[in-house]
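Just below is one structure, and these are the notes that go with it.
The values are calculated or read from the model by the stated rules, or taken from the named source; none is laboratory data. Keep in mind that this is a model prediction, so the values were computed, not measured. Note that each Cβ is placed from the backbone with ideal geometry, even for glycine, and that neighbours are counted across all protein chains shown. The protein model used for the area step is the full one, side chains on, heavy atoms only, and it has no ligands, DNA or RNA in it. Shrake-Rupley method; radii C 1.70, N 1.55, O 1.52, S 1.80 Å.
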Amino acid sequence: SEKLNIYDNRIVFLNYSENLGEVGNMNKLLANAKGSYFTWLGDDDLFVPNFLEEVYKIINAKPNVDVVFSSYGEIIGEKTPVLQNINVNPAMIRFLSGREFLHLYFENAIKLISCYGIFNIHKIKEIGGIEALNDTPIGLYGEYWLIIRCGLLNRITHIDAPLTIYRDHKGVMTYFTPF
């Protein structure tokens, strides 16, 4: 934590002596997580500054929410973006059942990155975290299976604002864009 200049006892750094692979690491983080809510974020992706504040407002208003997703923006290449707060208004927020959520996702009516949702920790553990669907070091396609399993949840919130920022490295396939 000193190397990163982070001095907050709520943040715990876990380093493993063996490489667990992406999916193994993600699920190990989930297994060790404490608290009420959980998310993952890749080392090259970002949340806008008010992301957690906006999610907190929703969780306070609807304390039984299972997961909150937001739309996402993209950074192309290695540039360092200047991130600003994004104004979220009530018209941007949808409260959905799992069935409504899947319908809108498969109709391309909502945009999200599945593992970057803010999950009720009991619900994400209940549906099994991220599943390894292949033998590659990167957990390709597990995020799509997580989206489908989120259809088992009853209280999904989607914020139609790009509060999550995904980095698309030049020459690398963007596999979060559905279909």
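Just checking, which of GLU100, GLU78, GLU126 is within 18 Å of LEU41 (Cα to Cα) and not hydroxyl-bearing (Ser, Thr, Tyr)?
Being within 18 Å of LEU41 (Cα to Cα) and not hydroxyl-bearing (Ser, Thr, Tyr) holds for just one of GLU100, GLU78, GLU126, which is GLU78.
Of the residues contained in the range 71-82, one or more are found to be touching an Asp or Glu at 6+ places or on another chain (Cβ under 6 Å), of a type in the set (A, V, I, L, M) and more than 18 Å from CYS150 (Cα to Cα). For the range 43-128, no helices (runs of 4 or more DSSP H) sit wholly inside it while including 2 or more residues that are of a type in the set (D, E, K, R) and in contact with a helix residue (DSSP H, G or I) (Cβ under 6 Å, 6 or more places away or on another chain). Against the test of being in contact with a His (Cβ under 6 Å, 6 or more places away or on another chain) and either at pLDDT below 95 or under 16 Å from THR164 (Cβ atoms) (or both), the options ILE110, ILE147, ILE138 yield a single qualifying residue, ILE110. The set of residues in the range 73-82 that are open to solvent by 10 Å² or more (accessible area, probe 1.4 Å) and under 16 Å from ASP168 (Cβ atoms) comprises GLY73, GLU74, ILE76, GLU78, LYS79, THR80, PRO81. Counting residues in the range 15-24 that are β-branched (Val, Ile, Thr), in a loop (DSSP other than H, G, I, E, B) and under 22 Å from the mean Cα position of the chain (by Cα) gives zero. For ASN120, state whether it is over 17 Å from PHE38 (Cβ atoms) and among the polar types (S, T, N, Q). No, not satisfied. Taken over the range 93-151, the criterion of being open to solvent by 50 Å² or more (accessible area, probe 1.4 Å), without any contact (Cβ under 8 Å) to a residue 40 or more places away in the chain and closer than 20 Å to GLU22 by Cβ is satisfied by LEU133, ASP135, THR136, TYR141, TYR144, TRP145. PRO81 - would you say it is over 13 Å from the mean Cα position of the chain (by Cα) and under 19 Å from LEU153 (Cα atoms)? Judged against the criteria, PRO81 is not a match. Residues that are modelled with pLDDT of 90 or more and assigned to a loop (DSSP other than H, G, I, E, B) were ranked within the range 152-179; the one that is least open to solvent (accessible area, probe 1.4 Å) is LEU153. When ILE58, ILE11 are checked against the criterion of being over 19 Å from LEU146 (Cα atoms) and in contact (Cβ under 8 Å) with a residue 24 or more places away in the chain, a single residue qualifies: ILE58. Being of a type in the set (Val, Ile, Thr) and open to solvent by 30 Å² or more (accessible area, probe 1.4 Å) narrows it down to one of ILE58, ILE86, so name that one. Answer to the selection: ILE86.
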